[in-house]
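Worksheet: one structure, shown below.
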Amino acid sequence: MTAYVYMLRCADGSFYVGSTRDLFTRLFQHESGVGAAYTRGRRPVELVWHEEHENVALAFAREKQVQGWSRAKRLALIAGDYEGLPPLARKDFSRRQKRADG
């Protein structure tokens, strides 16, 4: 069954990342104050990004991945700057590349 991972921009400028099977209903819940406790006191919220997955497990895994990202990396995702995502990684993968080349 199709599932979604999504990101909301809250009234205080923070981001909330979640996943759901029904994106429309979940957004309504957040905006109505019956969604997550995090968004309840930070309304209004605005959907700034979402991604469709073939099942809940994949959407949940992606949710956890994006939740671990920095604000800069989340902003790049929202902007669709996929090429800009790797340089914003918290880990330094350059050493791994050098080892693979060497």
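Summary of values
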| read-out | value |
| --- | --- |
| First in the stretch 40-68 and within 15 Å of H30 (Cα to Cα) and of a type in the set (G, A, S), second anywhere and surrounded by 13 or more Cβ atoms within 10 Å (Cβ to Cβ) and modelled with pLDDT of 95 or more, Cβ under 7 Å, 6 or more apart | none |
| Positions within the stretch 28-44 being among the charged types (D, E, K, R), within 16 Å of Y6 (Cβ to Cβ) and out of contact with any strand residue (DSSP E or B) (no Cβ under 8 Å at 6 or more places or on another chain), in sequence order | none |
| Filter result (under 25 Å from A76 (Cβ atoms) and either in contact with a strand residue (DSSP E or B) (Cβ under 8 Å, 6 or more places away or on another chain) or surrounded by 18 or more Cβ atoms within 10 Å (Cβ to Cβ) (or both)) within the stretch 55-66 | L58, A59, F60, R62, E63, V66 |
| Residue check for L8: surrounded by 15 or more Cβ atoms within 10 Å (Cβ to Cβ) and within 20 Å of G80 (Cα to Cα) | yes |
| Pick from the stretch 1-42, criterion assigned to a helix (DSSP H, G or I), among the aromatic types (F, W, Y) and out of contact with any Phe, Trp or Tyr (no Cβ under 7 Å at 6 or more places or on another chain), ranking: farthest from L77 (Cα to Cα) | F28 |
| Pair list, Cβ < 8 Å and 6+ apart or interchain, from the stretch 21-37 residues that are polar (S, T, N, Q) to residues that are modelled with pLDDT of 95 or more | none |
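The values are calculated or read from the model by the stated rules, or taken from the named source; none is laboratory data. Keep in mind the model is a prediction, meaning the values are calculated, not measured. Because the Cβ atoms are built from the backbone with ideal geometry, glycine has one as well, and the counts that use them run over all protein chains shown.
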